[in-house]
1. Loop sites only, by DSSP: take the trypsin sites (Lys or Arg not before Pro) in the chain that have at most 14 other C-beta atoms within 10 Å and name the longest stretch containing none of them.
2. What order do you get for LEU231, LEU22, LEU107 when you list them from fewest to most C-beta neighbours inside 10 Å?
3. Measure nothing but the geometry: give the 0 to 90° angle between the long axis through the Cα atoms of 216-238 and the longest principal axis through the Cα atoms of the chain, rounded to 10°.
4. For the charge dipole of the range 3-154, defined by +1 on Lys and Arg C-beta atoms and -1 on Asp and Glu C-beta atoms about the Cα centroid, which residue among LEU75, VAL41, VAL143 has the Cα displaced farthest towards the positive pole?
5. Could you list GLU43, GLU266 so that the one with the fewest beta carbons within 10 Å of its beta carbon is first and the one with the most is last?
6. Could you pull out the GluC sites (Glu not before Pro) across the range 129-228 that fall in loop regions by DSSP (anything but H, G, I, E, B) with no more than 10 other Cβ atoms inside 10 Å?
7. Projected onto the charge dipole of the chain (+1 at Lys/Arg Cβ, -1 at Asp/Glu Cβ, origin at the Cα centre), which of TYR236, VAL85, HIS193 gives the Cα projection farthest towards the positive end?
8. Expressed in nm to one decimal, what extension gain is obtained for the pair LEU37 and LEU112 from 0.36 nm per residue of sequence separation less their Cα-Cα distance?
Amino acid sequence: MTDILVVTGLSGGGRSQAADSLEDMGWFVVDNLPVVLIDKVVELSGEAGGEINKLCLVVGNARQQAGILGAIETLRSEGHRVRIVFLEATTRELVRRYEATRRKHPLSDGSLGLEEVIERERGAIGEVKAAADIVIDTTGLNVHQLKSQLSSLFGTEDIKDSLQVSVMSFGFKHGVPIDVDMILDVRFLPNPHWDENLRPLSGLDQSVKDYVLATSLAAEFSDKVNNLLELILPAYVQEGRSYFTIGIGCTGGRHRSVALAGHIAERIAEMGYQLRVTHRDVNL
């Protein structure tokens with residue numbers, strides 16, 4: 001059995017940068033691979049005397065992605081472990097990237113504007129995104145941040161047999177993250193922002209944690225979330241999911257969501273799952 005990582009997504013979304021990073025982590029990378037060659041590449045990798053056990057296949061634009069889900073299903077039926085990583089960015093950011101590099105979009109034939117071409121590609125590969133194990137929005141990421149995120153997801157060996165749970169705090173006023181599986185809104189809890197002594201601090205500080213978690217409402221909410229996760233996380237493991245991301249949001253993403261994210265993450269760690277915690281907006 002080969003551990004196969006299929007990297008796909010929007011043109012300009014960061015596939016090439018991801019390929020370079022994964023190669024640095026020890027993955028054998030085949031870039032810009034047409035779907036029709038996937039089975040042959042996997043077959044040849046299996047004939048390499050066991051030297052290739054981590055294979056990364058980077059699939060190109062929407063034309064090349066036609067039929068990719070069928071090819072992946074075939075690989076899984078043959079016993080391979082296949083995970084799909086989908087890279088995307090906002091249309092505005094993709095336009096900026098193409099204008100900065102002065103490159104032509106691979107799907108452009110001159111009849112449509114760049115934004116229209118990007119949106120057309122986005123629609124064409126919507127099913128691939130829906131089937132992805134993890135979606136990474138690279139809009140606000142530089143190459144080093146993308147590498148760091150990929151390293152935390154695919155740079156270790158012990159990820160292979162378990163579900164990795166990510167907990168992300170965020171602020172609704174900065175936008176809802178698109179790459180999450182569950183969103184919890186904690187704006188109903190008392191807000192430390194209105195306490196002058198707590199306002200300069202964050203949910204990483206103990207005094208803020210104590211303030212947020214002191215109420216019976218916070219305790220009951222945390223217990224019910226914990227009960228829900230105890231129910232659904234094993235079910236995701238049974239379904240073969242490798243990743244599950246929980247977004248916890250408050251108004252600004254600095255106090256309540258950060259405190260609750262840390263508290264809930266502790267409970268998840270006690271369940272034995274691999275855990276990754278990020279605070280998207282804590283420094284904004």
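Any read-out appearing in this document is the output of simple, stated calculations on the displayed coordinates, not a laboratory observation. Since we're looking at a predicted model, the values are computed, not measured. In this analysis, Cβ positions are derived from the backbone assuming ideal geometry, glycine residues included, and neighbour counts consider all displayed protein chains.
1. Looking at the chain, 188-284 is the longest stretch - no exposed trypsin sites (Lys or Arg not before Pro) with at most 14 other Cβ atoms within 10 Å.
2. Details: LEU231 9, LEU22 24, LEU107 15.
Going from sparsest to densest Cβ surroundings: LEU231, LEU107, LEU22.
3. 20 degrees
4. VAL143
5. On the way: GLU43 11, GLU266 14.
Listed from fewest to most nearby Cβ atoms, that is GLU43, GLU266.
6. For GluC sites (Glu not before Pro) across the range 129-228 that sit outside H, G, I, E and B with at most 10 neighbouring Cβ atoms in 10 Å, the list reads GLU157, GLU196.
7. Value: HIS193.
8. Here the answer is 24.0 nm.
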